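Taking it in order: structure first as structure tokens, then the write-up.
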Amino acid sequence: MAILSDRDILAGMASGRLGITDYHERGLTPNGYDLRIAEISVRGDPEVKKEGIVRIPPRTMFYVSTVERVRMPGDVCAQLWLRTTWIRRGCIGAFGKIDAGFEGTLTLGAFNASDEAVELPVGERFCQMVFETLTSPTEKDYAKRSGNYQGQTGVTLDPVKK
């Protein structure tokens, strides 16, 4: 396994091998890419917020959808890491990996563990995506295995209907 550098990410996008729609130069890091907030859904509030600053009450679960749509080749996956900006404000995120072959926006679950409300601006960077190369291409990528969330757009809590 090797982690892709900023140079590798740019080359992968230029060749069409990696896909990041709505790419923004500010999101590129030395060893990853910061994904921005498109939508926020706060548990207990039926309205999904798509603009402005969203106030997350203390000790409350919330979900974020990314502005960027990602497309992973069959030999690359990615780790997701909550930006320390949000950790320092009391947010906790337990993210999985983006599987090889996945395409779509991402829905990320997080929790405001603090005793204070946290304000999340729509459009702000939320988590870093760190690309890893697999030792060989997959036998069956995400789309061919489960593909439960393949092609998702926006905050998606249930599998995408096929």
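Quick one, can you get me the convex hull of the C-alpha atoms of the stretch 1-97 expressed as volume per residue in Å³?
Spelled out: Cα convex hull of the stretch 1-97, divided by residues, is 127 Å³.
Compute, for the stretch 1-144, the length of the dipole vector about the Cα centre, with Cβ point charges of +1 (Lys, Arg) and -1 (Asp, Glu) only. Units Debye, rounded to 20.
140
Below 14 Å, Cα to Cα, which aspartates and glutamates can Lys49 reach? Residues fewer than 8 away in the same chain don't count.
Glu39, Glu119, Glu124
What do you get for the angle between helix 6-15 and the principal long axis of the chain? Use alpha-carbon atoms, 0 to 90 degrees, nearest ten.
Approximately 70 degrees, to the nearest ten.
What does the charge add up to near Thr60, with Lys and Arg as +1, Asp and Glu as -1, over the other residues with Cβ less than 11 Å from its Cβ?
Values: positive: Arg43, Arg55, Arg59; negative: Asp45.
Counting the neighbours of Thr60, the net charge comes to +2.
How big is D for the stretch 67-134, in µm² s⁻¹ as a whole number, if Stokes-Einstein is applied with the Kirkwood radius of its Cα pairs at 20 °C and 1.002 mPa s?
Approximately 164 µm²/s, per Stokes-Einstein.
Please pull out the direction-averaged projected area of the chain, using the convex hull of its alpha-carbon atoms, in nm² to one decimal place.
Taking the Cα atoms of the chain, their convex hull projects to 9.5 nm² on average.
Quick one: among Asp99, Asp115, Asp34, which has the greatest mean-square fluctuation in a GNM of the chain with alpha-carbon springs under 10 angstrom?
The residue with the greatest mean-square fluctuation here is Asp115.
Each value in this text was obtained by applying a stated rule to the coordinates, not by laboratory testing. On a predicted model such as this, the values are computed, not experimentally measured, just so you know. So basically every Cβ, Gly included, is an ideal-geometry build from the backbone, and we count neighbours across all protein chains shown.
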